[in-house]
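The structure appears right after this line, and notes come after that.
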Amino acid sequence: MSEVKIDNQPILSRVLTKISNSSAVSQAYLLVGVNDVDLIKYATLFAKVLICPNNYSNPCSRCNICLRIESENFGELSIINPINGVIKKEEILRLKEKFQTHSIEGKNQVYIINKVETLNPAAANSLLKFLEEPDSNTIAIFTTSNINSVINTVVSRCQIIKLNNNSIKNGIEFIKTSTGMNEEQINKILDFLFIIENNNIKAISLFKELLINDFGTKELLKSAFMVIILGYKDALNYKLFKKMEYFNNETGIKNISDSQSADVLIKKIKFILENMQKLEYNVNITLFVSNVLIGIGEITDGKGNRN
């Protein structure tokens, strides 16, 4: 059994090793990261593993196909990049026309669409039709640095692989990378956290208006609750070490830290993490959020003190 090992990318390594040693592949993969250079690099490696006629080893030195893929000179690999910030329908139509025949040299025909979130509506519709009528030897690799901007019907057809970004371990950039949210979205969730802490009943009554309208999908809710968890973690950091890791000297987080014990903050973090697992199942989103908010408000330090 050969192993495709990539430093600091255990999830991607496992997926590629499995593909290299078996014929079981998905029709589409979505690589999610923060660094465009890394995304292109890993998408190219992914293509090699899918196409290489040998039992791929890292690096492959037994065939010229991998060398041609590296130089973007292999006919059964197509790469689409946005032009002027957009991918148009014509690009997808050309791709479909090109892939009407089966693979001749490699194991599969592969196409990479970088920054898949830049598909315009017509291109997205054309791509969906392509994905709905898959050829067993045609595999898609998409890349994005913002999964929340990718059309949901495309995301739902992909195996999602989130890449580690070890160069960023804290600060707002870490939050953006971890959640796929922009700074405006993060600040909106942070403001909602302050409402939860200042007036839990108000948060429960307003969450449809303030949360569900903008974060109504399971993926977006996961990201929203991750921001809330990081807010509580920083409140705990400030209480224990007088410093924050994610939100730089945010007054609202200092107030949360000052108003409750470390035990309460830890309980809230654990409670949210445990409940987030329920989003993997078919749950009523409105009822789910309502129950989580009620649960946060009921957490005490064991002595009946909530905050």
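For the stretch 171-298, count the residues as N, evaluate 2.2 N^0.38 Å, and divide the Cα radius of gyration by that value, please.
0.98
Using only alpha carbon pairs under 8 Å that are at least six residues apart, calculate the relative contact order of the stretch 187-307 and give it in whole percent.
29
Net charge within 14 Å of Ile83 by Cβ-Cβ distance, Lys/Arg positive one each and Asp/Glu negative one each, not counting Ile83 itself?
Result for the neighbourhood of Ile83: +2.
Select from Asn21, Ala140, Phe99 the residue farthest towards the positive end of the dipole of the chain; place +1 on Cβ of Lys and Arg, -1 on Cβ of Asp and Glu, and compute about the Cα centre.
The listed residue farthest towards the positive side: Asn21.
Where nothing but the Cβ of Lys and Arg (+1) and of Asp and Glu (-1) is charged, how large is the charge dipole of the stretch 171-298 around its Cα centre, in debye to the nearest 20?
260
Only four residue types carry charge here, +1 at the Cβ of Lys and Arg and -1 at the Cβ of Asp and Glu. Report the dipole size of the chain about the Cα centre in Debye, rounded to the nearest 20.
480
Under a crude label model (7 Å from the Cα following the beta-carbon direction), how far is Glu209 from Asn255 in nanometres?
With each label placed 7 Å out from Cα toward Cβ, I get 1.9 nm.
List the lysines whose Cα lies under 17 Å from the Cα of Lys222, skipping any in the same chain that are fewer than 8 positions away.
The reachable lysines, counting only those whose Cα sits under 17 Å from Lys222, are Lys162, Lys176, Lys188, Lys208, Lys233, Lys268, Lys270, Lys278.
Using helices alone, I'd like the mean residue ellipticity at 222 nm for the chain: each DSSP H run of four-plus residues gives -39500 (n - 2.57), total over residue count, nearest 500.
Counting only the DSSP helices, I get -15500 deg cm²/dmol.
Looking at the chain, what % of its DSSP beta bridges pair antiparallel, to the nearest 5?
5
On a 0 to 90 degree scale, rounded to 10, what angle separates helix 121-132 from the longest Cα axis of the chain?
The angle comes out at about 70 degrees.
Out of the trypsin sites (Lys or Arg not before Pro) in the stretch 199-305, which ones are loop residues according to DSSP with at most 15 other C-beta atoms within 10 Å?
Lys242, Lys243, Lys303
When you count, for each residue, the other Cβ atoms within 10 Å and take the mean per peptide, how do 13-21, 86-94 rank with the highest first?
The peptides rank, most packed first, as 13-21, 86-94.
From the P(r) of the chain, could you give the percentage of C-alpha pairs in the tail past 32 Å?
Above the 32 Å cut-off, the chain has 38 percent of its Cα pairs.
Need one number: the % of Cα-Cα pairs in the stretch 10-162 sitting beyond the 18 Å mark.
I get 54 percent for the Cα pairs in the stretch 10-162 exceeding 18 Å.
Considering amide H positions built from the backbone, and no H for Pro or chain starts, which residues 5 or more places from Ile160, or on another chain, come under 5 Å of its amide H?
Amide H to amide H, under 5 Å and 5 or more residues apart or across chains, Ile160 pairs with Leu30.
Any read-out appearing in this document is the output of simple, stated calculations on the displayed coordinates, not a laboratory observation. Nothing here was measured: the structure is a model prediction, and the numbers come from that model. Please note: Cβ atoms are built from the backbone with ideal geometry, for glycine as well, and neighbour counts cover all protein chains shown.
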